[in-house]
1. Scan around GLY140 for amide H atoms under 5 Å from its own, H built in the peptide plane at 1.01 Å from N, and keep only partners 5 or more places away or cross-chain.
2. Net charge near PRO119, counting Lys/Arg +1 and Asp/Glu -1 over other residues with Cβ under 12 Å of its Cβ?
3. Along the stretch 8-14, what does the Karplus equation 6.51 cos²θ - 1.76 cosθ + 1.60 (θ = phi - 60°) give for ³J(HN,Hα), rounded to whole Hz, x for Gly and Pro?
4. As I understand it, the value is the acute angle between the Cα axis of helix 89-99 and the longest principal axis of the Cα atoms of the chain; what does it come to in degrees, rounded to 10?
5. For the stretch 51-56, take each phi angle, set θ = phi - 60°, evaluate the Karplus expression 6.51 cos²θ - 1.76 cosθ + 1.60, and give the result in whole Hz per residue in order, putting x for glycine and proline.
6. For the stretch 126-132, what does the Karplus curve 6.51 cos²θ - 1.76 cosθ + 1.60, with θ = phi - 60°, yield as ³J(HN,Hα) per residue in whole Hz, taken in order and with x for Gly and Pro?
7. Among rounded, prolate and oblate, which fits the stretch 3-150 when a ≥ b ≥ c are the square roots of the eigenvalues of its C-alpha gyration tensor, a/c under 1.5 means rounded, and a/b larger than b/c means prolate?
8. Connecting C-alpha atoms closer than 10 Å in a GNM of the chain, tell me which of ALA25, ALA110, ALA57 has the biggest fluctuation.
Amino acid sequence: MRKFLVVLDDSRECLNAMRFAAMRASHTGGGVQVLAIIPPDEFNHWIGVGELMREEARERVQAHFEVFAKWMRDKQNVNPELIIREGEPVPEIIAQVADYTDIGVLVLGAGTETAGPGPLVTQLTRQSGSLPVPITIVPGDMSKERLEAIT
């Protein structure tokens, strides 16, 4: 089954990327893999404190994921899979795509700020020629109705 890989983060545009991935998966018989990346600098403390912070970060990711997962299951009949990786975002996304050959499309949300579409979109589009999957960039301010119409 082809899967849509979407990155879970705290950005506003993440919502539209999640919606798009779930709707496309639902309409095409695919799946959704949700990737959350925890930056390594969050754990540069003493060993015990670092482990506690790592566990708290994973719990936050899981709680955030469950909000999207419930909507995907209830509204789109898609059961998403959560993957949590630790490291720098772009290398971890590239590694995830390389590690899972059933990923067919990387879905990213583009920010609406005047500074640009966001660091992930900027960095990954620079490397898009060497990625083994296409990238779909979903505008962050696209309406839910428009997303439904194009998926």
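Taken together, the values in this text are just the output of simple stated rules run on the coordinates, not laboratory data. Keep in mind the model is a prediction, meaning the values are calculated, not measured. Here the Cβ is made from the backbone with ideal geometry for all residues, glycine too, and neighbour counts use every protein chain on show.
1. Residues meeting the amide H criterion: ALA110.
2. The answer is -3.
3. Along the stretch 8-14, the couplings run 9, 8, 8, 6, 5, 6, 4 Hz.
4. 70
5. Listing the rounded values in order: 5, 5, 5, 4, 5, 5 Hz.
6. 5, 9, 4, x, 10, 6, x
7. prolate
8. For the chain, modelled as a Gaussian network with Cα springs under 10 Å, the answer is ALA57.
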